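Colleague: Got a structure for you, questions after.
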Amino acid sequence: MRIAMIGTGYVGLVSGACFSQFGHDVICVDVDENKISRLKKGEIPIYEPGLDKLVSENAAAGRLAFTTDIAEGLKGCDAVFIAVGTPTRPEDGHADLKYVFAAAEDIARNMDGYTVVVDKSTVPVGTARKVYERIAQTNPDADFDVVSNPEFLREGAAIDDFMHPDRVVLGGEGERAMSVMRKIYEPIAAETKIVETGLESAELIKYAANAFLAVKISFINELADLCEKVGGNVGDVAVGMGLDSRIGEKFLQAGPGYGGSCFPKDTLALAQTATAQGAPVRIVETVIDVNSRRKRAMADRVAEACGGSLSGKTVAVLGVTFKAETDDMRDSPALDIVPALQNMGAVVRAYDPQGMDEAAKLLNDDVQWMAGAEEAMGGADVAVIITEWREFRELDLQKVKSLLKDPVIVDLRNLYEPADMVASGLRYHSIGRQAV
Ligand code: NAD
Ligand code: UGA
């Protein structure tokens, strides 16, 4: 099959590279000239494990190309995927569809014969029909169908998630378009559940899945707070409840609150859509509120661990990205925690293996960016682990003790066993467990 990907970001680039690995001919289109020229030179604009190898191998095999020229991208194309951003519209919390509609109009003007237009971006229910109308209005002669094929990959594990998904959702009407979609996913069809639905259900599945995962995380985060009050251990509670197969073990890791480019914006967009439709999703509304408060409250924990005040204290922040194995800073808890620490009078020194360039653009100039975890901790009063990068799991605890002025660690990811920290002579505060 010949596939065009409109939007070459986290989803467009990973999906395009994986489709080329399936054996399809893929051309990735983007309006960002700098991004495309870097990709043409073999440079990968994002940090995603394994992506550089996948892109270079498929580009070398002639199955993966990059362009800013949408007409070139759509030539002879069987399916064109819209994979542009759908950020929160600041004025009302709805998903901003301006990039999706701009892409739809570009596609309409450049379509070359019968083409399946696929919404891969996360879009509110009803968008696929609006995309259909936009294309039909822009080019009344266009021969096309619209299909919804939401994406469920996670950053940091994106290639594996795409190549071995729990399911593929195909929402559409009409055999002609659906048979093109089945052919596209044919290379993984034998081991993958393919769920075929109508357009609206496919669009809703994506929001329902993200919102449900956000509910799960917020649930365990609130249970963690209760554990701290009553002497429980949230890790044990998560294991004990997660082994019930109706609940499941995944996404029960208590932490500083969920962040990232999707859960915050998608929960908000779902809540807005549901309210507008007169069928509010109260659980999701509550989760949004619980999570926002949680992120802001994390700085208070650091102050408490330091005796109540951070005035004049130096805080070493380990990790600023919203999770490990990505350089993505969108809605990272660090964007709430670091300014809150500074507002309490702390000097913040921070280190992240991949996210510092982007974080430096989003946080104020007073943050001191350090070359490594040990550099950040040298002479600091307290270390705060915000992101669960592997290297923060493997700190030399004796060295940490000698580096920190007052050996306090606030671990917002529960990377260590409290008993090990006691044995190392560190004062240790984590999430949903007793401070030691
Ligand atoms: P992104 O911001 O990384 O990439 C979007 C790209 O689209 C940018 O490179 C931008 O320049 C380009 N673009 C915008 N308008 C364009 C146009 N008219 N023509 C061509 N290119 C255009 O976004 P992302 O993180 O890849 O997310 C894309 C969509 O996928 C969103 O709806 C998101 O919710 C969804 N999604 C994201 C993830 C994830 O892990 N990031 C996972 C599943 C779904
Ligand atoms: C999430 C979903 O997991 C993907 O299925 C979905 O495709 C994607 O959103 C999307 O729509 O963009 P992602 O945001 O990359 O993927 O990362 P997750 O691993 O889901 O983590 C999201 C946030 O939740 C992170 O801040 C993470 O630290 C937090 N989290 C996750 C927890 O606090 N506890 C957990 O148990 C799991």
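Colleague: When the Karplus curve 6.51 cos²θ - 1.76 cosθ + 1.60 is applied with θ = phi - 60°, which whole-Hz ³J(HN,Hα) does each residue of segment 269-282 get, with x for Gly and Pro?
Modeller: Coupling constants for segment 269-282: 5, 5, 4, 5, 4, 5, 5, 4, 8, x, 9, x, 9, 5 Hz.
Colleague: OK, next. Suppose all protein chains stay in the model; what accessible area per residue would a 1.4 Å probe give for segment 229-429, in Å²? If you can, show how the numbers build up before the last one.
Modeller: Working: 9050 Å² over 201 residues.
Accessible area per residue, segment 229-429: 45 Å².
Colleague: Could you give P(r) for segment 41-88, binned at 5 Å from zero, as whole percent values over all Cα-Cα pairs?
Modeller: For segment 41-88, the binned pair fractions read 4, 15, 21, 21, 24, 11, 3, 0 percent.
Colleague: Report, ordered by chain and residue number, the lysines lying within cross-link reach of Lys313, taken as a straight Cα distance under 19 Å and ignoring same-chain residues fewer than 8 apart.
Modeller: Reachable lysines: Lys401, Lys405.
Colleague: Let me ask another. So for the pair Arg154, Asn139, with labels modelled 7 Å out along Cα→Cβ, what separation do we get in nm?
Modeller: That separation, rounded to one decimal, is 3.9 nm.
Colleague: Mind listing the phi-derived Karplus ³J(HN,Hα) values for segment 230-247, rounded to whole Hz, using 6.51, -1.76 and 1.60 with θ = phi - 60°, and x for any glycine or proline?
Modeller: Rounded to whole hertz, the list is 10, x, x, 10, 5, x, 5, 4, 5, 5, x, 7, x, 6, 5, 5, 6, 9.
Colleague: As I understand it, the dipole of the chain uses +1 on the Cβ of Lys and Arg and -1 on the Cβ of Asp and Glu, about the Cα centre. Which of Val408, Ala373, Met178 lies farthest toward its positive end?
Modeller: Projecting each Cα onto the dipole axis, the largest value belongs to Val408.
Colleague: Okay, moving on. Kindly identify segment 103-221 as rounded, prolate or oblate by the Cα gyration tensor criterion: order the square roots of the eigenvalues as a ≥ b ≥ c, call it rounded if a/c is under 1.5, otherwise compare a/b with b/c, prolate if a/b is larger, else oblate.
Modeller: Working: a/c = 2.24, a/b = 1.57, b/c = 1.42.
Taking the square roots of the gyration eigenvalues as a ≥ b ≥ c, segment 103-221 is prolate.
Colleague: Residue by residue through segment 353-367, which ³J(HN,Hα) values in whole Hz follow from phi under the Karplus form 6.51 cos²θ - 1.76 cosθ + 1.60 (θ = phi - 60°), with glycine and proline marked x?
Modeller: Coupling constants for segment 353-367: x, 10, x, 5, 4, 5, 4, 4, 6, 9, 9, 6, 5, 6, 5 Hz.
Colleague: When N counts the residues of segment 229-429, how does its alpha-carbon radius of gyration compare numerically with 2.2 N^0.38 Å, as a ratio? Don't skip to the answer; put the middle values down first.
Modeller: On the way: Rg = 17.8 Å, N = 201, 2.2 N^0.38 = 16.5 Å.
That ratio works out to 1.08.
Colleague: Please give me, ordered by residue number, the trypsin sites (Lys or Arg not before Pro) of segment 222-331 that lie in loop per DSSP and have at most 12 other Cβ atoms within 10 Å.
Modeller: Loop-located and lightly packed - Arg246, Lys250.
Colleague: Sticking with this structure for a sec: What is the helix-to-structure angle for 51-60, meaning the angle in degrees between its Cα long axis and the longest Cα principal axis of the chain, kept from 0 to 90 and rounded to the nearest 10?
Modeller: 30 degrees
Colleague: Give me, ordered by chain and number, the residues 5 or more places off Trp369 or on other chains with an amide H under 5 Å from its own placed amide H.
Modeller: Placed amide hydrogens put Ala350 under 5 Å from Trp369.
Colleague: Given a 10 angstrom Cα cut-off, can you work out which residue in Ala238, Ala95, Ala269 is the most mobile in a GNM of the chain?
Modeller: Comparing Ala238, Ala95, Ala269 in a Gaussian network model of the chain, the most mobile one is Ala238.
Colleague: Return P(r) of segment 2-197 (all Cα-Cα pairs; 5 Å bins starting at 0; whole %; ordered from short to long distances).
Modeller: Result, from short to long distances: 1, 8, 17, 21, 22, 16, 10, 3, 0, 0 percent.
Colleague: Moving to a separate point now. Just to confirm the number: angle between the C-alpha axis of helix 98-110 and the first principal axis of the chain, 0 to 90 degrees, nearest 10?
Modeller: Once rounded, one gets 30 degrees.
Colleague: Enumerate the aspartates and glutamates that Lys53 could reach by cross-link, defined here as Cα to Cα under 12 Å, with residues fewer than 8 away along the same chain left out.
Modeller: Cross-link targets: Glu43.
Colleague: For Val80, enumerate residues with amide H under 5 Å from its amide H, sequence gap 5+ or separate chain, H modeled in the peptide plane.
Modeller: Ala4, Val116, Val117, Val118
Colleague: Rg (Å, one decimal) plus Dmax (Å, integer) for the alpha carbons of the chain?
Modeller: Spelled out, the Cα radius of gyration and Dmax of the chain are 23.3, 74 Å.
Colleague: Quick one: which residues, 5+ away or cross-chain, put their amide H under 5 Å from the amide H of Thr314? H built at 1.01 Å from N.
Modeller: Val347, Asp381, Val382
Colleague: Could you give the angle, 0 to 90 degrees to the nearest 10, between helix 175-189's Cα long axis and the longest principal axis of the Cα atoms of the chain?
Modeller: 50 degrees
Colleague: How big, on average over all directions, is the shadow cast by the Cα convex hull of segment 246-338, in nm²? Intermediate values should be presented prior to the final figure.
Modeller: On the way: hull surface 32.7 nm².
Averaging across all directions leaves 8.2 nm² for the Cα convex hull.
Colleague: Are any of the pairs Lys35/Lys193; Lys206/Lys250; Lys295/Lys399; Lys40/Lys183; Lys183/Lys323 more than 23 Å apart by Cα-Cα distance, and if so, which?
Modeller: Numbers: Lys35/Lys193 34 Å; Lys206/Lys250 18 Å; Lys295/Lys399 29 Å; Lys40/Lys183 28 Å; Lys183/Lys323 34 Å.
Pairs exceeding the cut-off: Lys35/Lys193; Lys295/Lys399; Lys40/Lys183; Lys183/Lys323.
Colleague: Explain nothing, just the number: dipole magnitude of the chain about its Cα centre with +1 on each Lys and Arg Cβ and -1 on each Asp and Glu Cβ, in debye rounded to the nearest 20.
Modeller: Values: 46 positive and 66 negative charges, 119 e Å.
Approximately 560 debye in magnitude.
The values are calculated or read from the model by the stated rules, or taken from the named source; none is laboratory data. Just so it is clear, the structure is predicted and the values come from calculations on it, not from any experiment. Methodologically, a virtual Cβ is constructed for each residue, glycine included, from the backbone with ideal geometry; neighbour enumeration extends over all protein chains shown. For accessibility, only protein heavy atoms count, side chains too; no ligands or nucleic acids. Shrake-Rupley method; radii C 1.70, N 1.55, O 1.52, S 1.80 Å.
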